[in-house]
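Novice: Handing you a structure now.
Read-outs: derived from the displayed coordinates by stated rules, not from any lab. Just so it is clear, the model here is predicted, and its values are computed rather than measured. Positions of Cβ are backbone-derived with ideal geometry, glycine not excepted, and every protein chain shown enters the neighbour counts.
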Amino acid sequence: MPRFSFTIGGPEGVRHAGTVHGQQFEDAITAIRQRIDADAGDTLEIGVAGFPPAHYRLVVSKLTGEENWKPVYSLAA
């Protein structure tokens with residue numbers, strides 16, 4: 001079962017760091033959501049050894065109030 005390393009933080013820096021196990025990437029995201037409290041605007045960096053991490057930002061839907069991690073895309077220079 002893959003082990004995903006992650007950090008969660010905001011403008012003040014990293015608040016949570018750790019690892020989670022999951023068969024799929026979505027399982028890891030779900031496990032983090034269930035265990036860690038995060039605030040809108042927080043960033044999540046998550047990945048597996050040997051690959052660059054993925055970056056997400058926690059957003060809240062204006063219509064439903066649901067919180068979801070949305071990918072943050074960076075433009076190459």
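Novice: What's the total number of residues in region 49-77 that are in contact with a helix residue (DSSP H, G or I) (Cβ under 9 Å, 6 or more places away or on another chain) and either assigned to a helix (DSSP H, G or I) or closer than 16 Å to ARG3 by Cβ (or both)?
Specialist: Of the residues in region 49-77, 1 are in contact with a helix residue (DSSP H, G or I) (Cβ under 9 Å, 6 or more places away or on another chain) and either assigned to a helix (DSSP H, G or I) or closer than 16 Å to ARG3 by Cβ (or both).
Novice: Out of all the residues in region 30-48, which are surrounded by 12 or more Cβ atoms within 10 Å (Cβ to Cβ) and either not in a strand (DSSP E or B) or not polar (S, T, N, Q) (or both)?
Specialist: Of the residues in region 30-48, the ones surrounded by 12 or more Cβ atoms within 10 Å (Cβ to Cβ) are 30-33, 36, 38, 42-48.
Result: THR30, ALA31, ILE32, ARG33, ILE36, ALA38, ASP42, LEU44, GLU45, ILE46, GLY47, VAL48.
Novice: Of all residues being assigned to a helix (DSSP H, G or I) and touching a strand residue (DSSP E or B) at 6+ places or on another chain (Cβ under 9 Å) in region 13-29, which is farthest from GLU45 (Cα to Cα)? Just the residue, please. Write out each step before concluding.
Specialist: Just the residues of region 13-29 that are assigned to a helix (DSSP H, G or I), to begin with: 25-29.
Among the residues that remain, those that are also touching a strand residue (DSSP E or B) at 6+ places or on another chain (Cβ under 9 Å) are: 25, 27-29.
Details: PHE25: 12, ASP27: 15, ALA28: 12, ILE29: 11 Å.
Per the criteria, the residue is ASP27.
Novice: Being β-branched (Val, Ile, Thr), farther than 13 Å from TRP69 by Cβ and out of contact with any Lys or Arg (no Cβ under 9 Å at 6 or more places or on another chain) is the filter here; which residues of region 1-51 pass it?
Specialist: If the condition is that a residue be β-branched (Val, Ile, Thr), farther than 13 Å from TRP69 by Cβ and out of contact with any Lys or Arg (no Cβ under 9 Å at 6 or more places or on another chain), then VAL14 is the only one that fits.
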